[in-house]
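Comments concern the structure below.
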Amino acid sequence: AAEKWGLQKRFAYAIIAKFGTSKRRVLAAFISVTGFLSCWISNVTATLLLAPMALSLASRISTSTDVAKGYLLSICYSASIGGLATPVGTAANLIMVDFMKSRYPLAPEITFPVWMGYGVPLAVLFLIVLFLYISSAYLKDSPADALIDEVKSKEFLQQELKKLGNLTWPEKVITADFLITVILWIFRADLIFSGTTCVSWKGCFPGWANIFPNANYIRDGSVATAAAMVLFFIPARDGKGSKILDWNTAKLLNWDVLWLLGGGFALAKGIEDTGK
């Protein structure tokens, strides 16, 4: 839905403009935006979104191919790094969480806060290292060149933001939907600050899933599915009677990959249960 209405592009250009328009600041912006987006969407999608922006911007601010190479490499690597930060960052993370849940059912669940407690610091560290390497290897120039590049970058970003116009109704709804989803993900299970169990708010923050009779049936996937389903019913207010999300958009997802992962889980479970 965000890709359909251009929200990701608006977010990317706005953040890059806030960072500044020198080569290294633009690099830091690309790394930060790609890393953040890949926390919540697939690494491939984040890369495909920002790579054209990087090429377009690099072609306007420098004749050197090193700048374009640096920007593209930073986007590719930061997408992979950002995927480490959250359980939904990449499919491998979800496989890990599901494996631990099925293999060790009595162990504490790997919840969103638990994963992010380890994943976010590692991701930030790797992104900083990536910035230092790319900036030293690909963005060497003189002070005069840097000034010219900064002026051209600023003009380009202002033009692109002007084309996007004001924030639209679908973009506002998608932003609210995304923020609510993240909050529900983080606070779904008990947040335990001391001890091993959550009893009467002592040393913990009870998860909202506990209001249901079978809290174990409420998983992160349940939240994501509900958040997506809501968008199918909210009008886009575009004068065409369309909804913010429709099946023509939803079917563009990589359903073959989802079936592949699901089939792999089913096959592995069958082999495990039969002992073959």
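The values are calculated or read from the model by the stated rules, or taken from the named source; none is laboratory data. Bear in mind that the values here come from a model prediction, so they are computed numbers and not experimental data. Cβ sites come from the backbone with ideal geometry, for glycine too, and all protein chains shown count toward neighbours. SASA here: full protein model, heavy atoms, side chains in, ligands and nucleic acids out. Shrake-Rupley method; radii C 1.70, N 1.55, O 1.52, S 1.80 Å.
Below, the figures for the structure above:
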item	result
Members of region 204-219 found to be in contact with a Leu (Cβ under 8 Å, 6 or more places away or on another chain) and either exposed (fewer than 15 other Cβ atoms within 10 Å of the Cβ) or outside any loop (DSSP other than H, G, I, E, B) (or both), listed by number	204, 205, 208
Single residue of region 235-248 satisfying the filter (in contact with a Phe, Trp or Tyr (Cβ under 9 Å, 6 or more places away or on another chain) and not basic (Lys, Arg)) that is most open to solvent (accessible area, probe 1.4 Å)	247
Positions within region 249-276 being open to solvent by 90 Å² or more (accessible area, probe 1.4 Å) and closer than 22 Å to residue 172 by Cβ, in sequence order	none
Hits in region 155-176 (condition: farther than 15 Å from residue 56 by Cβ and touching a residue at least 60 places away in the same chain (Cβ under 8 Å))	167, 168, 169, 170, 171, 173, 174, 175
Contacts under 9 angstrom Cβ, first residue in region 213-240 being aromatic (Phe, Trp, Tyr), partner surrounded by fewer than 16 Cβ atoms within 10 Å (Cβ to Cβ), 6 or more apart	232/246; 232/247; 232/250
Boolean, residue 91 is modelled with pLDDT under 80, touching a Leu at 6+ places or on another chain (Cβ under 9 Å) and open to solvent by less than 50 Å² (accessible area, probe 1.4 Å)	yes
Search result, residues across region 34-69 that are under 21 Å from residue 137 (Cβ atoms) and either among the charged types (D, E, K, R) or modelled with pLDDT of 90 or more (or both)	34, 35, 66, 69
Residues satisfying the stated conditions in region 104-157, i.e. over 17 Å from the mean Cα position of the chain (by Cα), buried (at least 18 other Cβ atoms within 10 Å of the Cβ), at pLDDT 90 or above and aliphatic (A, V, I, L, M)	130, 134
Tally of residues being touching a residue at least 24 places away in the same chain (Cβ under 8 Å), over 19 Å from residue 123 (Cα atoms) and open to solvent by less than 60 Å² (accessible area, probe 1.4 Å) across region 47-63	8
Hits in region 10-27 (condition: open to solvent by 20 Å² or more (accessible area, probe 1.4 Å) and part of a helix (DSSP H, G or I))	10, 11, 14, 15, 17, 18, 19, 24, 25
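Conditions (1) outside any helix (DSSP H, G or I); (2) open to solvent by 40 Å² or more (accessible area, probe 1.4 Å); (3) not acidic (Asp, Glu), marked per residue:
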| position | (1), (2), (3) |
| --- | --- |
| 8 | no, no, yes |
| 31 | no, no, yes |
| 35 | no, no, yes |
| 45 | no, yes, yes |
| 75 | no, no, yes |
| 86 | yes, no, yes |
| 98 | no, yes, no |
